[in-house]
Amino acid sequence: MVHHHEPTYVFRLTHELALRWATLSIVLFFVSMAGVSGFYQAIHGQIWTFISASNQTNQWSALVVFFGFIAVLFGQIIIHELIHGMAFAAFGGSPRYGVGVKFFLPYAYATSPGTRFSRNAFLVIGLAPLVLIDLLCLVLLAIFPQAGWLGWVVVFNTSGASGDLWIAALLLRCPTSIEVEDRHTGMAIYAPPDVDVRLLPFKTSKPKFRSPVWVLGNVTLIVLFVVFLGSFLLMPIFQILQVPSFVLGTDSFWIMRWQNNEQGVRIGLNLLSILAIAAFFGFIGILVKLIDRKSEGASP
């Protein structure tokens with residue numbers, strides 16, 4: 001294959017794309033939550049909860065569940081990126097890891113700049129964490145019913161893979177002869193001369209500038225819209241799928257409740273809990289941003 005020094009297309013995360021990924025993540029969150037609940041019910045004949053003490057109402061149990069969710073989420077993110085890095089190395093790359101803030105949201109990343117991968121190799125690299133983590137956790141959850149927290153690893157891992165799935169969908173529409181270079185801020189596509197670049201599924205127009213207020217406002221509207229829409233649409237969807245009852249949290253600190261028993265069906269979303277978690281990660285994002293600014297100021 002003839003190598004080109006300049007990429008055919010450089011894929012970057014824009015404001016609009018970030019909003020689409022966020023929306024897809026929310027959809028994947030509810031879909032995977034329903035899937036795990038049904039899987040647990042089918043295997044063990046019990047209602048799936050985060051921990052066995054989910055019916056306790058004291059403040060200590062609420063704190064345990066809250067920080068348990070945080071620990072599971074951060075642990076899943078670390079393992080997710082480590083698997084990306086190991087996949088990079090398996091195909092000849094030199095993985096690098098880091099954290100940053102994009103559009104007010106903190107994120108972790110694994111990248112391998114300077115190394116080109118075939119399309120199929122990059123598909124394996126991108127989807128490896130989603131497949132391996134989900135499969136392992138589901139197998140362990142089937143063996144150990146008391147480890148209900150493994151279900152939330154699946155939920156967080158699946159909903160957090162929206163970007164990986166989006167990129168995989170784009171690459172599947174590309175010929176196998178292209179090469180992909182992963183970069184911290186996106187990826188570069190290298191197409192051989194015999195490929196008609198007009199047929200590649202990438203937009204070549206320059207992204208429009210959006211102010212931070214515009215981005216923050218759109219993210220807020222999307223979250224509120226999904227919460228509002230979910231209150232009306234999730235109930236019939238869960239009924240059709242016969243999703244068994246579950247509680248995301250405890251009676252003192254809960255995010256979502258779904259009831260499906262002889263008394264009827266009911267769904268509940270706790271905006272205060274959702275805002276509390278959002279505020280926590282917003283605070284983490286501010287800290288990471290401050291650290292980045294200090295690092296840039298200290299560098300020569």
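Read-outs throughout are calculated quantities, based only on the coordinates presented, and are distinct from any laboratory measurement. All values reported here derive from a predicted model rather than from experimental measurement. All Cβ positions, glycine included, derive from the backbone under ideal geometry; neighbour counts span all protein chains shown.
Ordered by residue, what ³J(HN,Hα) values in Hz, to whole numbers, does segment 114-124 give under the Karplus form 6.51 cos²θ - 1.76 cosθ + 1.60, where θ = phi - 60° and Gly and Pro are x?
Ordered by residue, 3J(HN,Hα) equals x, 10, 9, 10, 5, 4, 5, 5, 5, 4, 5 Hz.
On each of the three principal axes of the Cα atoms of segment 132-177, give max minus min coordinate, whole Å, ordered largest first.
46, 17, 9
Give the long-range amide H neighbours of residue 13: residues separated by 5 or more places, or on another chain, with amide H under 5 Å away, using H modelled in the peptide plane at 1.01 Å from N.
The list, which skips near neighbours in sequence, is empty: none.
Mind ranking 125-137, 182-194 by how tightly packed they are, going by the mean number of other C-beta atoms within 10 angstrom, highest first?
On the way: 125-137: 18.8, 182-194: 16.7.
Averaged packing, sorted descending, gives the order 125-137, 182-194.
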